[in-house]
């Protein structure tokens, strides 16, 4: 697996474990697309932002209490992170350079803002962080976007007929964390909604969580990833989810939120 994609999976796993906005259920009608978003209503802002080219090949995506950083990856990953979409197909209209030219972003948060954000529950804190990233994209990349909905193939996540095989270990909004390693996800107090977001990246479609399960769960999911050696005897991701977790992915169609880029410019390096 390409190192940048591996790092991206780990970074998105972290982000989804922090907070995931529930996806619309299949068959629902999405609201009309709003006009281009030029000035996100961010209550907080980064104190200092540094952006520069980065061809080191050492990709990373990190979030700490007082900073956000990304390196060795192109701008489209930053857009996806800021707007909460996991799939490349959910961002339209990006120029070629935004997908091919790697950059490094270091965004620092001042102590007062850090203290205010740390008082918020993890999901609320991440929503503010996304607004801060959106504002940064507007300021440094002259980004203009709007949201639309596309009727696309999705998967619906349900509890399998054999019943759930994992046990709830934490109440709601406990955050949770997980580790991804070549076809193995080891989760601690991770919500099923966060799991669905991460699996969306793995299977290449948005997953709508219809399990009705809340709280956090400890579990290990072990499967043969795409491109695995033929000698790998682990089951496919679909079989593993049902056999090991007691969940099931069923194909369907439904509205998928898409970010349409109306304008974006290369940032001035600093």
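The values are calculated or read from the model by the stated rules, or taken from the named source; none is laboratory data. These numbers come from a predicted model, not from an experiment. Don't worry about glycine lacking a Cβ; one is built from the backbone with ideal geometry, like all the others, and counts go over all protein chains shown.
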Restricting attention to segment 107-123, report how many residues are touching a residue at least 12 places away in the same chain (Cβ under 8 Å), surrounded by fewer than 19 Cβ atoms within 10 Å (Cβ to Cβ) and closer than 29 Å to residue 191 by Cα.
-> 8
Does residue 44 qualify as being at pLDDT 90 or above and closer than 16 Å to residue 142 by Cα?
-> no
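Test residue 169 against the criterion of being assigned to a loop (DSSP other than H, G, I, E, B) and farther than 26 Å from residue 88 by Cβ, and give yes or no.
The answer is no for residue 169.
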Output the residues belonging to segment 207-216 that are surrounded by 22 or more Cβ atoms within 10 Å (Cβ to Cβ) and over 13 Å from the mean Cα position of the chain (by Cα).
-> 208, 209, 216
Can you confirm whether segment 192-203 contains a residue that is touching a helix residue (DSSP H, G or I) at 6+ places or on another chain (Cβ under 7 Å) and modelled with pLDDT of 90 or more?
-> yes
Report whether or not residue 158 is in contact with a strand residue (DSSP E or B) (Cβ under 8 Å, 6 or more places away or on another chain), assigned to a helix (DSSP H, G or I) and under 24 Å from residue 237 (Cβ atoms).
-> no
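Give, as residue ranges, the strands (runs of 3 or more DSSP E) completely inside segment 179-270 that count at least 3 residues that are within 30 Å of residue 51 (Cα to Cα) and in contact (Cβ under 8 Å) with a residue 60 or more places away in the chain.
It comes to 247-263.
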Residues of segment 126-136 being farther than 10 Å from residue 44 by Cβ, modelled with pLDDT of 90 or more and in contact with a helix residue (DSSP H, G or I) (Cβ under 9 Å, 6 or more places away or on another chain), which ones?
-> 130, 133, 134, 136
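Working carefully through the options 52, 165, 127, 99, find the one that is in contact (Cβ under 8 Å) with a residue 40 or more places away in the chain, in contact with a strand residue (DSSP E or B) (Cβ under 7 Å, 6 or more places away or on another chain) and at negative phi.
52
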Considering every residue within segment 197-206, establish whether at least one is within 18 Å of the chain's Cα centre (by Cα) and on the phi > 0 side of the Ramachandran plot.
-> yes
Per the filter on segment 55-72, residues without any contact (Cβ under 8 Å) to a residue 60 or more places away in the chain and either under 21 Å from residue 120 (Cβ atoms) or in a strand (DSSP E or B) (or both) are 60, 61, 62, 64, 65, 66, 67, 69, 70, 71
